[in-house]
Amino acid sequence: MKRFIDIRPDEEDLPSELVITVGDVVRFTATGGRIRSGTGVEFLGILSDSVVGTDGSVLTPLGPPTALLLLARSPGSAVVDVVSGDPFRSPSTRSVIIRVDP
């Protein structure tokens, strides 16, 4: 079974290495990020949390993005930079090695 892995660097320590399997989806609570190097992980985007209103419309608060989403596509490893904090004043960038096992 594939997993949805939710990592909140502001509430917990960011691991230096994360071992996942092909098909897993990883969400970092972050305002930005990038895959610096490596293979096996696909960058799905930097997204904003939203909710569905009572009338069926999608409501998104103003402000910076809130999530970095990655998909484990194939075996390999990658270095991912995760940006948190205020992206305009004092962003903090931390790196994590993501190893994708079959």
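The values are calculated or read from the model by the stated rules, or taken from the named source; none is laboratory data. Note that the structure is predicted; figures quoted are calculated from it, not measured. Here Cβ is always computed from backbone atoms with ideal geometry, including for glycine, and neighbour counts include all displayed protein chains. For the accessible areas, the whole protein counts, side chains as well, though only heavy atoms, and no ligand, DNA or RNA atoms are used. Shrake-Rupley method; radii C 1.70, N 1.55, O 1.52, S 1.80 Å.
Structure data summary
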item	result
Pairs with Cβ under 6 Å, 6+ apart, first in the range 86-102 and at negative phi, second open to solvent by 60 Å² or more (accessible area, probe 1.4 Å) and β-branched (Val, Ile, Thr)	Arg99/Val19
Scan of the range 8-23 for residues that are open to solvent by less than 70 Å² (accessible area, probe 1.4 Å) and either touching a residue at least 60 places away in the same chain (Cβ under 8 Å) or touching a helix residue (DSSP H, G or I) at 6+ places or on another chain (Cβ under 7 Å) (or both), ordered by number	Pro9, Leu14, Pro15, Leu18, Val19, Ile20, Thr21, Val22
Out of Gly45, Gly40, sole residue that is surrounded by 14 or more Cβ atoms within 10 Å (Cβ to Cβ) and either out of contact with any helix residue (DSSP H, G or I) (no Cβ under 9 Å at 6 or more places or on another chain) or at pLDDT below 95 (or both)	Gly40
Residue within the range 50-67 that is touching a residue at least 12 places away in the same chain (Cβ under 8 Å), among the hydrophobic types (A, V, I, L, M, F, W, C) and not in a loop (DSSP other than H, G, I, E, B) present	yes
Some residue of the range 76-85 being surrounded by fewer than 14 Cβ atoms within 10 Å (Cβ to Cβ) and either under 20 Å from Lys2 (Cα atoms) or out of contact with any Gly (no Cβ under 9 Å at 6 or more places or on another chain) (or both)	no
Looking only at the range 54-70, and only at residues there that are among the small types (Gly, Ala, Ser) and loosely packed, with under 15 Cβ neighbours inside 10 Å, the one that is nearest to Leu44 (Cα to Cα)	Gly63
